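Below is one structure, written out as structure tokens, with a few remarks after it.
The values are calculated or read from the model by the stated rules, or taken from the named source; none is laboratory data. Here the structure is a predicted model, which means the values were calculated and not measured. Please note: Cβ atoms are built from the backbone with ideal geometry, for glycine as well, and neighbour counts cover all protein chains shown.
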Amino acid sequence: MGDPDSLVALRRLPQPSLVLAEVKTSHTTQGATVGAAETTRPDASKFAIGFDHRDRARLFELWSEVLDSEQWSEGAKLEAFEQRWAEGNGLPSLGLSSWAGGALAALEFAGVRGETVLCPSNTFMATPLAAIGAGAEVEFVDCNRHDLCMSFEDFERKAERHKPRAAILVHIGGHLAFDSERIAAYCRHNGIFLLEDCAHAHGADWDGGKPGSFGDAGVYSLYATKTVSTGEGGVLVSCNSDLIEFVKKFRNYGKFEHEVDGLNFRMSEFTAALGLIQAERMEEIVAWKNSYARQHLDPVHPARLELPEGMTSGLYKYIVFAEIEKSTGRVYDQPCHRIMGRSDELPNTDWVAENHWCAPLYYRPGSRDAALRGREKEEIR
């Protein structure tokens, strides 16, 4: 497994029918349908927030509606955003002010205080900190080398040893964890609450399965660098109606009965308006990134992370198991157990931290940049 070339053992990515010139949107701006992206190759290596500047006019219109409404929180825009996200994800959805708010709410619902929660070490520190913040003790699980996500084999060993109340399955880099179904089945059989960390997984799909649909709940991040963003924010998805009602109260201080000990994790109407536009644009953004990757990155990165048949990645990161000159770094180069000064034996996690790189890939369709340049010219005048 030490040789990156040996990692190319899974089936090749399915070739999408889209090409860059064919990526279109069903979204309308000021009454006109936005056309196809330009066929000239954009510079996708230059950092860009995942926002399409063709949406500025509509965003300002929605913000004006919020101003006119005199209701800046818990209003119509939040309801519209949640409905649109639910349509795309296939699960009831709740907007929050952060990923952490959704994770804390779900873990509180699961009753992890004083119990053990399993989570991978190859993740951002937010994952174990959420469990610790909910009053749990964290035990780390090793990852697979080929997908960077939690290993079922090590998960099963740790679950048998620690008898956890809950587990957090993290989808790293934009794709779904390859062992999602096996881990979810084990959790269902053994009464373990499974929370999916979907912070990277916007737009991912596996034969129709969406992030958050394998376990009891999933939480997305809308932080500034994500595939789609509202600057700050989060979304919780779940098919459990009791959990949804619990989180509605948790994000709002437990109002009105105060039977839930919640805090303020509300999403404002201004953030929800931006989230609505981003949710509408997400399918196009993910399709564009996948099309760009197939045409321009796959041919020059034979040691890239390979997906199983039927899986689509949101491509938050384009991961390569060979050192590349113009890399944006690694997804994570410091495993959580190392940051926390622990001595857990997690050989694959330590290997992954040293042996993967990320090629730059940012959403920059030509028509998006043309709209931005036009805006800049207007400001100069």
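For residues that are surrounded by 15 or more Cβ atoms within 10 Å (Cβ to Cβ) and of a type in the set (S, T, N, Q), tally how many sit in segment 52-93.
So the count comes out to 3.
Of the residues Ala100, Ala86, which is touching a Gly at 6+ places or on another chain (Cβ under 9 Å), among the aliphatic types (A, V, I, L, M), in the same structural domain as Ala199 (by TED's automatic domain parsing) and touching a residue at least 40 places away in the same chain (Cβ under 8 Å)?
Exactly one residue qualifies, and that residue is Ala100.
Restricting to segment 171-187, what's the tally of residues that are within 15 Å of Gly215 (Cβ to Cβ) and either in contact with a Phe, Trp or Tyr (Cβ under 6 Å, 6 or more places away or on another chain) or surrounded by 24 or more Cβ atoms within 10 Å (Cβ to Cβ) (or both)?
The qualifying residues number 8.
Any residue at all in segment 102-116 that's in a strand (DSSP E or B) and either out of contact with any strand residue (DSSP E or B) (no Cβ under 8 Å at 6 or more places or on another chain) or closer than 22 Å to Val237 by Cβ (or both)?
no
Scanning for something at positive phi and among the charged types (D, E, K, R), does segment 68-76 turn up at least one residue?
Yes, because at least one residue in segment 68-76 is at positive phi and among the charged types (D, E, K, R).
Take Leu91 and decide whether it is under 15 Å from Thr230 (Cα atoms) and in contact (Cβ under 8 Å) with a residue 24 or more places away in the chain.
No; evaluated as a whole, the condition is false for this residue.
Within the bounds of segment 280-295, is there any residue that is surrounded by 14 or more Cβ atoms within 10 Å (Cβ to Cβ), within 28 Å of Leu129 (Cα to Cα) and touching a residue at least 60 places away in the same chain (Cβ under 8 Å)?
no
All but one of (1) surrounded by fewer than 23 Cβ atoms within 10 Å (Cβ to Cβ); (2) on the phi < 0 side of the Ramachandran plot hold for Gly314; state the number of the condition that does not hold.
(1)
Look through Glu74, Glu65, Glu38 and report the one residue that is out of contact with any strand residue (DSSP E or B) (no Cβ under 8 Å at 6 or more places or on another chain) and modelled with pLDDT of 90 or more.
Unique residue meeting the criteria: Glu65.
Kindly indicate whether any position in segment 256-277 is touching a His at 6+ places or on another chain (Cβ under 9 Å) and either surrounded by 19 or more Cβ atoms within 10 Å (Cβ to Cβ) or among the polar types (S, T, N, Q) (or both).
Within segment 256-277 (the criterion being touching a His at 6+ places or on another chain (Cβ under 9 Å) and either surrounded by 19 or more Cβ atoms within 10 Å (Cβ to Cβ) or among the polar types (S, T, N, Q) (or both)), the answer is yes, since at least one residue qualifies.
Return only the number of the condition from (1) modelled with pLDDT of 95 or more; (2) under 23 Å from the mean Cα position of the chain (by Cα) that Gly341 does not satisfy.
(2)
Within segment 225-232, can one find any residue that is crowded, with 24+ Cβ neighbours inside 10 Å, outside the structural domain of Trp288 (by TED's automatic domain parsing) and either in contact with a strand residue (DSSP E or B) (Cβ under 7 Å, 6 or more places away or on another chain) or at positive phi (or both)?
No: segment 225-232 contains no residue that is crowded, with 24+ Cβ neighbours inside 10 Å, outside the structural domain of Trp288 (by TED's automatic domain parsing) and either in contact with a strand residue (DSSP E or B) (Cβ under 7 Å, 6 or more places away or on another chain) or at positive phi (or both).
Considering segment 62-106 alone, what residues qualify as being within 16 Å of Tyr253 (Cα to Cα) and hydrophobic (A, V, I, L, M, F, W, C)? Steps first, answer last, please.
Initially, segment 62-106 is screened for residues within 16 Å of Tyr253 (Cα to Cα), giving 73-74, 94-98, 100-106.
Answer for segment 62-106, where residues must be within 16 Å of Tyr253 (Cα to Cα) and hydrophobic (A, V, I, L, M, F, W, C): Leu94, Leu96, Ala100, Ala103, Leu104, Ala105, Ala106.
Quick one: would you say Ile172 is of a type in the set (Val, Ile, Thr), in a loop (DSSP other than H, G, I, E, B) and over 29 Å from Tyr253 (Cβ atoms)?
Against the criterion (of a type in the set (Val, Ile, Thr), in a loop (DSSP other than H, G, I, E, B) and over 29 Å from Tyr253 (Cβ atoms)), Ile172 qualifies.
If I ask for residues that are touching a Phe, Trp or Tyr at 6+ places or on another chain (Cβ under 9 Å) and more than 15 Å from Phe81 (Cβ to Cβ), which ones from segment 190-202 would you list?
If the condition is that a residue be touching a Phe, Trp or Tyr at 6+ places or on another chain (Cβ under 9 Å) and more than 15 Å from Phe81 (Cβ to Cβ), then Ile192, Phe193, Leu194, Glu196, Asp197, Cys198, Ala199, His200, Ala201 are the ones that fit.
Provide a single number: the residues in segment 283-324 that are under 14 Å from His175 (Cα atoms) and part of a loop (DSSP other than H, G, I, E, B).
Residues in segment 283-324 being under 14 Å from His175 (Cα atoms) and part of a loop (DSSP other than H, G, I, E, B): 11 in total.
Go through (1) within 30 Å of Leu297 (Cα to Cα); (2) out of contact with any Asp or Glu (no Cβ under 6 Å at 6 or more places or on another chain); (3) at pLDDT below 95 and name the single condition Gly31 misses.
Going through the list (1) within 30 Å of Leu297 (Cα to Cα); (2) out of contact with any Asp or Glu (no Cβ under 6 Å at 6 or more places or on another chain); (3) at pLDDT below 95, Gly31 breaks only (1).
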